[in-house]
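To keep things clear, I will list the structure first and then write my remarks on it.
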Amino acid sequence: MPLPLSRYRPMTAAALMAMVVATMFALQNGWLIILRVIANTTPYHQVTDNTLLVMSVVLTAVCLVWLMVFWQYFRMQKYANDTKTARQLWQQYLALMPMDGRQFWHCLWVFLSVVLGASLIANLLTTALSPTPSADSTALMGHDTPMWLFALMVMVCAPIYEELICRGLFWRLGQDIFSSFSNNAHHITILTSLISSLIFALLHFQYNLIDTGMMFAVALGLCYARVRTGSVFAPMILHSINNSLVLLLLILE
């Protein structure tokens, strides 16, 4: 039986969302500055900006994951009588729960269908409207950036920390916000899916409007996996599969 979770007030939850997003950009830019200083003052000055940018994303992911993990764990300790209960509350809050394997396979096919459908629609709209192209991801995967480092970023770091934020922390914060307006669990789930998916899409600001819409659709597919399995591990794995397929296509081009 799920344990009762402590909730933030709606305004506090919204402010925390904004603070986490701001922290994400502050950390990435901070790490980029530090890495550039190190590169310019050591024998590694020939490291390119692309490589430093990828490294800053990886370091930001590591820092944010640890920040969220410890933040919520110590918070849950205040509401628990013992360490075991605190750990259970922490796992439940961030959806770090075991997932149903049968449900995951169902979610996999649904997610791949969503990705395929969104990609086809995005391609049709791009052909018809000829918008400004999105930032070229291959620029970060040039010959000057080690492939293993780029793969680590897109296949491991990004899926873990983006899902822990959007389908973990922001999911709970969204519920805290919308539960003050509705007692209907189904409506709260829909609204939480929409707000977390919108934030996810906007975080990929390097894309044009059409590609951002595709990211929103992909995020909804990840939300479906989060709801169906009750675990954030499902969207993490699906996110990694999606990024792996994109990376494979970039390599084959």
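Report yes if residue 79 is aromatic (Phe, Trp, Tyr), open to solvent by less than 60 Å² (accessible area, probe 1.4 Å) and not in a helix (DSSP H, G or I), otherwise no. Spell out the reasoning first.
Working: aromatic (Phe, Trp, Tyr): yes; open to solvent by less than 60 Å² (accessible area, probe 1.4 Å): no; not in a helix (DSSP H, G or I): yes.
No; evaluated as a whole, the condition is false for this residue.
In the range 49-58, is there at least one residue being in a helix (DSSP H, G or I), surrounded by 12 or more Cβ atoms within 10 Å (Cβ to Cβ) and touching a Pro at 6+ places or on another chain (Cβ under 8 Å)? Write out each step before concluding.
Filtering the range 49-58 down to residues in a helix (DSSP H, G or I) leaves 49-58.
When the remaining residues are screened for being surrounded by 12 or more Cβ atoms within 10 Å (Cβ to Cβ), the result is 49-58.
Cutting the leftovers down to touching a Pro at 6+ places or on another chain (Cβ under 8 Å) gives us 51.
Yes: one or more hits.
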Total residues in the range 204-227, condition hydroxyl-bearing (Ser, Thr, Tyr), closer than 19 Å to residue 154 by Cβ and in contact (Cβ under 8 Å) with a residue 12 or more places away in the chain: 1
Taking the range 60-75 as the region of interest, how many residues are under 13 Å from residue 169 (Cβ atoms) and either open to solvent by less than 60 Å² (accessible area, probe 1.4 Å) or touching a strand residue (DSSP E or B) at 6+ places or on another chain (Cβ under 6 Å) (or both)? 7
From the residues in the range 98-139 that are part of a loop (DSSP other than H, G, I, E, B) and crowded, with 16+ Cβ neighbours inside 10 Å, which one is modelled with the lowest pLDDT? 134
Assess whether residue 145 counts as being more than 18 Å from residue 24 (Cα to Cα), buried (at least 23 other Cβ atoms within 10 Å of the Cβ), out of contact with any Gly (no Cβ under 8 Å at 6 or more places or on another chain) and among the polar types (S, T, N, Q). no
Residue 180 fails exactly one of the following numbered conditions: (1) within 17 Å of the chain's Cα centre (by Cα); (2) closer than 27 Å to residue 96 by Cα; (3) in contact (Cβ under 8 Å) with a residue 40 or more places away in the chain. What is the number of that condition? (1)
Any residue that is open to solvent by 40 Å² or more (accessible area, probe 1.4 Å) and either under 25 Å from residue 53 (Cα atoms) or among the small types (Gly, Ala, Ser) (or both) - is there at least one of those in the range 171-189? yes
Scan the range 189-202 and report the pairs whose first residue is free of Cβ contacts under 8 Å to residues at least 60 places away in the same chain and whose second residue is among the aromatic types (Phe, Trp, Tyr) and open to solvent by less than 70 Å² (accessible area, probe 1.4 Å), with Cβ atoms within less than 7 Å and a gap of 6+ or a chain change. 191/178; 192/171; 192/178; 196/170; 196/171; 197/216; 198/216; 201/216
Residue satisfying all of: in the range 215-229; over 13 Å from residue 105 (Cβ atoms) and of a type in the set (Val, Ile, Thr); most open to solvent (accessible area, probe 1.4 Å) among these: 227
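So which residues in the range 37-48 are part of a helix (DSSP H, G or I) and either buried (at least 19 other Cβ atoms within 10 Å of the Cβ) or of a type in the set (S, T, N, Q) (or both)? Quick ask: steps written out before the conclusion?
Taking the range 37-48 as the starting set, the residues that turn out to be part of a helix (DSSP H, G or I) are 37-40.
Across the range 37-48, the qualifying residue is only 40.
The values are calculated or read from the model by the stated rules, or taken from the named source; none is laboratory data. Owing to the predicted nature of the structure, the values given are computational and were not obtained by experimental measurement. Reconstructed Cβ throughout: ideal geometry from the backbone, glycine too, with neighbour counts over all protein chains shown. For the accessible areas, the whole protein counts, side chains as well, though only heavy atoms, and no ligand, DNA or RNA atoms are used. Shrake-Rupley method; radii C 1.70, N 1.55, O 1.52, S 1.80 Å.
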